[in-house]
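Heads up: the structure comes next, in structure tokens.
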Amino acid sequence: NKWRIVFPNNGRQQRDWDQASRSYSGNRIQTTKYTWFTFLPKNLFEQFHRLANLYFVFLVVLNWFPQMEVFHREITMLPLIVVLLASMIKDATEDYRKYQFDKMINSSKTKVYDK
């Protein structure tokens, strides 16, 4: 239960406002899931939570044993790679659209009530 300090927009209290604003987070909107560095690990983590993708991984691993090999090893990996790439492209485009929308909202002008 910490009280937030609000300063009017005038030059006399600019230094006080700068000091008080360091302890509060901004009001920037961010709805994206990924960043450039976290896209691949987070997306793969989400993809392998789906049972169908785990089934394809199981088939790929099983096909690497010569006793169990039904198809060529590369052919068994193809469906998994196609599904993962399609999902990654879809997630990347959705996240980029969210990023663009967030950027538009964060840079838009707002009306502030002032007596």
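When only the Cβ of Lys, Arg, Asp and Glu is charged (+1, +1, -1, -1), the dipole of the stretch 50-115 relative to its Cα centre reaches about 520 debye. Between rounded, prolate and oblate, where does the stretch 32-107 land on the alpha carbon gyration tensor, with a ≥ b ≥ c its root eigenvalues, rounded for a/c under 1.5, else prolate if a/b exceeds b/c? It comes out prolate by the Cα gyration axes. Model label sites at ARG22 and MET104, defined 7 Å from Cα along the beta-carbon direction, differ in position by 3.7 nm.
Suppose R0 equals 30 Å. What FRET efficiency, 1/(1 + (r/R0)^6) with r the Cβ-Cβ distance, do PHE65 and SER87 give to the nearest 0.05? Each step should come with its number before you reach the end.
Values: r = 27 Å, r/R0 = 0.91.
Using R0 = 30 Å, I get an efficiency of 0.65.
Using R0 = 25 Å, the C-beta based FRET efficiency linking ALA52 and ILE75 works out to 0.90. Given ALA92, VAL70, LEU40, which one lies farthest toward the positive end of the charge dipole of the stretch 39-115, if we put +1 on the Cβ of every Lys and Arg and -1 on the Cβ of every Asp and Glu? Checked the options; the winner is ALA92.
None of the figures in this text is laboratory data; all of them are computed from the coordinates on show. As the structure is a prediction and not an experimental result, all values here were calculated from the model. Note that each Cβ is placed from the backbone with ideal geometry, even for glycine, and that neighbours are counted across all protein chains shown.
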